[in-house]
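Here's the structure, in structure tokens; my notes come after.
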Amino acid sequence: TKDPANEFGGKLSVQVGNYDFLKTKAQVDIPLMEEKLLFHGAMMRVTRDGYTENLLNPAEDLDFEDLLTGLITLKYLASDELDITLHGSYSRDDGDFQTGKHFTDPAAFFGSATELKNPRKVMFDHGPSSAPARSEAVDLIVRWDLGWTELKSITAYSDVSVGPILQDFDKTEIVGLNQGQLGVDNGYAEDTQTFSQEIILASQGDERLTWLAGVFYLHDEPSAISGFDIPLFALPFAQFKAVNITDAYAVFGSLSYNVTDKLRINAGLRYSDETKELTLTQLIDFVTVVGPQTQKKSWDAWTPKLGLDYFLTEDTLLYVSATRGFKSGGYNTSGFGPAVDPEFVDAYEIGAKTTFMDNRFRVNFSAFKYDYTDLQVQAVDPANVPALLIQNAAEADIEGLEIELSALVFENLQVDVGLAWLDAVYGDFESVDGATGAQINLKGNKLPVSPEFTSNVGVQYGQSIGGAGELIFRMDYYFSDDKFFNEFNDQARQGSYSLLNARIGFESEDEHWGVSLYGKNLTDEVVLTDTFVFPLILGDGFLGSLSPPRTYALELEVRF
């Protein structure tokens with residue numbers, strides 16, 4: 001997405017790896033009219049076999065990749081004061097989304113399903129699975145230097161389609177829950193057209209006072225149709241057809257004022273207004289049962305920001321900020337319920353950014369606190385199993401600390417360290433127990449995907465090889481504390497884990513080419529990335545998606 005260069009050039013890279021992985025990337029810069037009309041083009045093609053084998057149909061690939069994407073940029077330099085940039089992009093993804101696995105409860109409906117110990121083997125009765133996606137987008141950016149200010153206009157349009165998604169939802173050999181009927185392309189599908197316009201005025205120069213003001217408009221129109229088949233209970237094929245239109249407006253401004261050479265005040269204010277209109281129809285065996293019904297509602301909010309920066313020295317910045325955030329309400333498309341309330345967050349942060357020893361060392365520190373009101377969370381819809389819905393969780397509190405260290409220990413040895421501590425809990429959340437239907441309060445439960453402690457360490461070493469180039473070694477280690485995937489803090493849990501990645505490469509002296517060998521998840525850890533829990537059907541079991549196994553690839557890159 002970088003701007004076109006004013007001289008001809010580009011690069012080409014090819015990666016080949018295990019699971020028949022092949023990734024090709026290419027980009028080129030062409031000055032069609034020197035210093036007047038510039039072109040930049042980029043493309044990427046990725047194919048890879050699946051990590052998971054379906055024992056019921058070994059010839060069927062699962063969680064494979066098949067992606068083609070490209071971007072072109074035209075930049076017209078009309079004058080020293082005016083330039084116009086046009087972007088166009090296309091993406092076609094015919095891969096299979098991440099394959100899930102059923103972790104069985106013997107006492108549940110799927111208790112008789114075969115329990116496979118190998119995490120990369122499954123038995124799916126409904127297939128082949130697919131999740132095609134297409135995306136086309138265009139945007140136009142105009143920058144006009146008016147001397148006292150810069151005017152910037154950003155106009156964008158996109159058309160994105162996903163599906164029909166076909167999959168064995170229960171992830172077993174039992175004829176149970178499916179997205180789409182077997183052999184028919186009628187699973188979940190969505191098509192979305194989005195238009196946005198933003199206009200910004202920004203101050204010029206490095207005066208004591210800098211400011212920015214703007215307006216924003218968004219029109220978003222997704223239309224979706226679900227398709228769920230439940231032969232386990234001999235239920236008819238069910239669908240919801242939904243058109244969910246959003247019109248959003250915003251006016252915003254910010255300023256920074258240098259009170260002294262050391263003290264700077266930052267302030268901002270945004271007004272947002274969003275209207276959402278949902279037209280929903282329920283069908284059973286393709287016959288309208290309920291609807292179409294239309295609901296419409298608007299929300300608005302003022303969201304301010306205030307902060308102070310203090311430059312203790314030229315290399316040490318201390319800062320503090322307070323910000324209010326807003327996410328509008330909305331409608332669920334799996335039922336005819338009322339709108340979800342908007343979500344608000346009050347965020348506070350204090351920290352420091354420092355460099356010393358001629359920028360060889362950098363240490364950043366921050367402490368933050370987020371207070372959420374009417375937090376929007378995802379949960380199973382008890383009226384339309386196994387559909388998901390968004391609901392409000394009343395209150396949630398998040399506190400945390402982050403430390404970032406980067407050190408050039410020697411001329412050819414760099415060490416990067418990141419440490420984070422997080423305390424994220426619900427302050428108040430009235431919910432329904434999925435097994436008993438009883439009302440429960442989840443106060444004190446951890447928020448999903450919020451490990452208490454995470455850390456990462458990276459070490460890079462470079463060694464010159466005569467006058468030919470440089471040999472570079474890099475190793476990255478990541479650790480995560482245990483985490484839950486839903487608000488109940490139940491069996492859908494990933495224990496603490498570590499990941500290890502490494503790379504060894506050679507960079508030519510003239511930087512015209514390079515070659516490297518890299519590996520990810522070298523210890524072949526099995527890590528849950530998402531789960532689905534519904535005790536009424538799954539009991540103490542759950543569905544889980546897994547991160548990729550050990551992968552490695554050889555990359556060659558040529559620049560011209």
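The values are calculated or read from the model by the stated rules, or taken from the named source; none is laboratory data. Keep in mind the model is a prediction, meaning the values are calculated, not measured. Cβ coordinates were reconstructed from backbone atoms using ideal geometry, including for glycine residues, and neighbour counts include every protein chain displayed. All accessible areas refer to the heavy atoms of the entire protein, side chains included, with ligands and DNA or RNA removed. Shrake-Rupley method; radii C 1.70, N 1.55, O 1.52, S 1.80 Å.
Could you let me know the centre-to-centre spacing of segment 2-46 and segment 312-336, using Cα atoms, in angstrom?
The two parts, judged by their Cα centres, are 35 Å apart.
Could you name the lysines whose alpha carbon sits less than 21 Å from that of K443, not counting residues in the same chain fewer than 8 places away?
K369, K483
Could you give each residue of segment 182-197 its phi-based ³J(HN,Hα) in whole Hz, using Karplus coefficients 6.51, -1.76, 1.60 with θ = phi - 60°, and x for Gly or Pro?
Running phi through 6.51 cos²θ - 1.76 cosθ + 1.60 with θ = phi - 60° gives 4, x, 10, 7, 9, x, 4, 9, 9, 9, 10, 10, 10, 10, 9, 9 Hz.
Cut-off under 17 Å on the C-alpha distance; same-chain residues fewer than 8 positions from K101 excluded. Which aspartates and glutamates are left, in chain and number order?
E53, E60, D61, D63, E115, D125, D168, D170, E173, E525, D530, D540
Exactly which trypsin sites (Lys or Arg not before Pro) in segment 1-95 are in a DSSP loop and have at most 10 other Cβ atoms within 10 Å? Walk me through the intermediate numbers first.
Numbers: sites: K2, K11, K23, K25, K36, R45, R48, K75, R92; in loops: K2, K36.
When the trypsin sites (Lys or Arg not before Pro) of segment 1-95 are filtered for loop state and at most 10 Cβ neighbours within 10 Å, K2 remain.
Too long at a 22 Å Cα-Cα cut-off: which of K2/K327; K276/K327; K75/K152; K152/K262?
K2/K327; K152/K262
Would you calculate a helix-derived [θ] at 222 nm for the chain, using -39,500 (n - 2.57) for each DSSP H run of n ≥ 4 and dividing by the full residue count, to the nearest 500?
Counting only the DSSP helices, I get 0 deg cm²/dmol.
In segment 75-216, what is the volume of the convex hull around the alpha carbon atoms, normalised per residue and reported in Å³?
Each residue corresponds to 199 Å³ of Cα convex hull volume.
Between L536 and I504, what length in nm is gained on full extension when 0.36 nm per residue of separation is reduced by their alpha carbon distance? Working shown, then result.
Numbers: separation 32, 0.36 × 32 = 11.52 nm, distance 5.01 nm.
Additional length available on full extension: 6.5 nm.
At 1.4 Å probe size, with every protein chain present, just tell me what the per residue accessible area of the chain comes to in Å².
51 Å²
Roll a 1.4 angstrom probe over the protein heavy atoms and tell me the percent of accessible area of the chain that is carbon or sulfur.
Carbon and sulfur: 58 percent of the exposed surface of the chain.
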